[in-house]
Amino acid sequence: MASVKTVVTTPFSGQKPGTSGLRKKVAVFSQPHYLENFVQAVFDSIGGETGGEVAGKTLVVGGDGRYYNRTAIQAIIKMAAGNGFAKVMVGRGGILSTPAASCVIRKYKTFGGIILSASHNPGGPTEDFGIKYNIPAGGPAPEAVTEAIHARSQVIGSYKIVEAPDLDLDKLGEQRLGDMVVQVFDPVADYAALMESLFDFPAIRAAFKGGFRMKFDAMHAVTGPYAVEILENRLGAPKGTVMNGVPLEDFGGGHPDPNLVHAHDLVEALTGDGAPDFGAASDGDGDRNMVLGRDFYVTPSDSLAVLAANATLCPGYAQGLKGIARSMPTSAAPDRVAAKLGIPAWETPTGWKFFGTLLDAGKATLCGEESFGTGSDHVREKDGLWAVLMWLNVLARRKESVADIVTAHWKEYGRNVYSRHDYEGIDAKAADGLMEHLRGLALKGKRLGAYAVAFNDDFAYTDPVDGSVSTKQGIRVVFEDGSRVVFRLSGTGTEGATLRVYIERYEPDSAKHHLDPQTALADLIKIARDLAEIEARTGRTEPTVIT
Ligand code: G6P
Ligand code: ZN
């Protein structure tokens, strides 16, 4: 009989979960009691007044396989037993992608789940680790919950844990830990079944059979096993379609972020005459996606717009969409589709959690962010492989190339030419000063170069479902013709500050749609740099990443 031990502890400062949970270096997490304190704060916060409401409940646990994943999972399972959970469901090998976790939490109506990931940040003993709690609806905890967790972590005096040998995380089936059941389950099966219910697998299978070729770059992160099972085993894509498919604790030394810079192997594979028809990549924990055609890059904003316009080709969305939601810095391309479909377009702050209320209330079906996130009401996280499968469904049904589909879309709707410029690792004080400076500008009615300013503000959002208000979500400078520049500080970086500048211009003239965005946006890019005094304030003359 395993015995419950109460361990005396003292609070750590800074256990404040951000947009996507608590993210710190492994060295921080591996301090004695650090992880345990946070997990106890989660259990105390979700357990109601007495903390006892977790008794008899089921918890889902899994992560992206990065260094420290298994160690953390062993501790969490033993603490779940110590706190009276009836059951923990854990993905085999400790593996569970973020969208699959959301799927399983919802499907088995559990009391939420704990996901171990630092998303697209590098992994390994000297790199990042992360932990977050998702609520029973399957999505990230809303601010009220993360604030309660933080508050609890600051006064915590002890945690409860069962003393027992480690569990076998690689053996499917049930094990016991005292009174608690630990069920090790196949992390792919439920998720794959959900995908099969949403998309036209026969049409995609027929496309692969007919010679359609793709490359999926799992970046040695969590989506490898999912992509091999779904793309190669179930849909019949040739073996080797999935690149870097084995999850590694350090992601093979790479940076598992699916963008043009970090997914360069994929970009190279999609370049030139012999290249496959379609390319895609996902990030560390499987919620982001990047989509490419042969010699063609699809921006996340365009991807959402194109998927929305073609959604009814997919069985799961054949009845049409209830609405489309996008984060504020995402381009307005999806809004144009919504207008044409006669459905609402929602503009939320950055962060997937803001879509949750809209999805729960049936106000939106598809949602997306410029930060390589796309998803729908099938789960409450963004979903990398889902986006890839939706594209495959559309490609298999339309039988046109990615480039043809996107350029036809621009022709019909006009093009929201778009680019994001990141200035990474800048001095945090300088970054704050820059934002403060922008906040103080009164630009309405002024001209900047060829552009007249319609308004400028610091984006604030009132949730139309629960009425909660979020302020200071990014500086917008919006021009009379709908063009705009947006400035935000990243909420996910771990070193210094990262300034993101989003530049967008609407181009109705299809004769100009082929232009490189950096050329088409050159004057707005200069306006943005001058306005924010980027060089003077940060010492940077060029961004570190352009997407
Ligand atoms: C995470 C969230 C996304 C959000 C992104 C913003 O990935 O899950 O919903 O869009 O962070 O990142 P940033 O670095 O721009 O704050
Ligand atoms: Zn992620």
> Using 1/(1 + (r/R0)^6) with R0 = 30 angstrom and r between the beta carbons of Glu542 and Glu347, what's the FRET efficiency to the nearest 0.05?
Replying inline: 0.50
> Considering only protein heavy atoms, what is the solvent-accessible area of Tyr133 at a probe of 1.4 Å, reported in Å² to the nearest 10?
Replying inline: 20 Å²
> What order do you get for 236-249, 456-469, 35-48 when each peptide is scored by the mean count of other beta carbon atoms within 10 Å, highest first?
Replying inline: 35-48, 236-249, 456-469
> So what does Lys132 come to for accessible area, using a 1.4 Å probe and Å² rounded to 10?
Replying inline: 30 Å²
>> Can you give the FRET efficiency to the nearest 0.05 for Arg205 and Asp265, using r as the Cβ-Cβ distance and R₀ = 22 Å?
In response: 0.25
>> I need the fraction of alpha carbon pairs in the range 145-277 separated by more than 25 Å, rounded to a whole percent.
In response: 51 percent
> So in the chain, what percent of DSSP beta bridges are antiparallel if you round to the nearest 5?
Replying inline: 70 percent
> Taking the Cα-to-Cβ direction at Asp277 and at Glu249 and moving 7 Å from each Cα, how far apart do the two end points lie in nm?
Replying inline: 4.1 nm
>> I want the antiparallel fraction of DSSP beta bridges within the range 317-442, as a percent rounded to 5.
In response: 35 percent
>> Given bins 10 angstrom wide, list per bin the percent of all Cα-Cα distances in the range 408-547, short to long.
In response: 11, 38, 34, 15, 1
> If you project the alpha carbons of the chain onto the principal axes, what extent comes out on each, in Å, largest first?
Replying inline: 75, 58, 41
>> Need one number: % antiparallel among DSSP beta bridges in the range 269-357, to the nearest 5.
In response: 65 percent
> Given H placed 1.01 Å from N in the peptide plane, which residues other than close sequence neighbours of Ala141 have an amide H under 5 Å from its amide H?
Replying inline: Tyr133, Ile135
>> For a distance above 18 Å, tell me the whole-number percent of Cα pairs in the range 114-222 that qualify.
In response: 76 percent
> So what is the diffusion coefficient of the range 232-316 in µm² per second by Stokes-Einstein at 37 °C and 0.692 mPa s, using a Kirkwood Rh over Cα pairs?
Replying inline: 229 µm²/s
>> List the lysines whose Cα sits under 21 Å from the Cα of Lys209, skipping any in the same chain fewer than 8 residues away.
In response: Lys239, Lys399
> How much area per residue is accessible in the range 181-277 when the probe is 1.4 Å and only protein heavy atoms are counted (Å²)?
Replying inline: 39 Å²
> Per-residue accessible area for Glu495 at 1.4 Å probe radius, Å² rounded to 10?
Replying inline: 120 Å²
>> I need the calculated FRET efficiency for the pair Lys322 and Glu196, taking r as the beta carbon distance and R₀ as 25 Å, to the nearest 0.05.
In response: 0.65
>> If I take the Cα coordinates of the range 258-300 and project them onto the principal axes, what are the three extents in Å, biggest first?
In response: 32, 17, 14
> What does the charge count near Gly63 come to, summing +1 for each Lys or Arg and -1 for each Asp or Glu among other residues with Cβ under 15 Å from its Cβ?
Replying inline: -4
>> Need the full-extension length gain, Gln183 to Glu53, defined as separation in residues times 0.36 nm minus the C-alpha distance. One decimal, nm.
In response: 44.7 nm
>> Considering only C-alpha atoms, what is the centroid distance from the range 68-124 to the range 384-461, in Å?
In response: 34 Å
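Which loop trypsin sites (Lys or Arg not before Pro) in the range 383-412, with loop taken from DSSP, have no more than 13 other Cβ atoms within 10 angstrom of their Cβ?
Lys399
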> How large is the convex hull of the Cα atoms of the range 269-398 per residue, expressed in Å³ as a whole number?
Replying inline: 100 Å³
> Taking the Cα-to-Cβ direction at Asp432 and at Ala408 and moving 7 Å from each Cα, how far apart do the two end points lie in nm?
Replying inline: 5.2 nm
> Taking the radius of gyration and the Kirkwood hydrodynamic radius from Cα positions alone, what is the Rg/Rh ratio for the range 383-422, to two decimal places?
Replying inline: 1.07
>> So if I restrict to the alpha-carbon atoms in the range 329-416, what is the Rg, and what is Dmax, the biggest pairwise distance, in Å?
In response: 13.5, 36
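Tell me, in nm to one decimal, what length is gained between Gln175 and Lys109 on full extension, where the rule is 0.36 nm per residue of separation less the Cα-Cα distance?
Extra length from Gln175 to Lys109 when fully extended: 21.7 nm.
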> In whole Å, what are the Cα extents of the range 362-479 along the three principal axes, biggest one first?
Replying inline: 50, 39, 32
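The values are calculated or read from the model by the stated rules, or taken from the named source; none is laboratory data. Just so it is clear, the structure is predicted and the values come from calculations on it, not from any experiment. Backbone-built Cβ (ideal geometry, glycine too); neighbour counts: all protein chains shown. Side chains included, ligands, DNA and RNA excluded: accessible areas come from the protein's heavy atoms. Shrake-Rupley method; radii C 1.70, N 1.55, O 1.52, S 1.80 Å.
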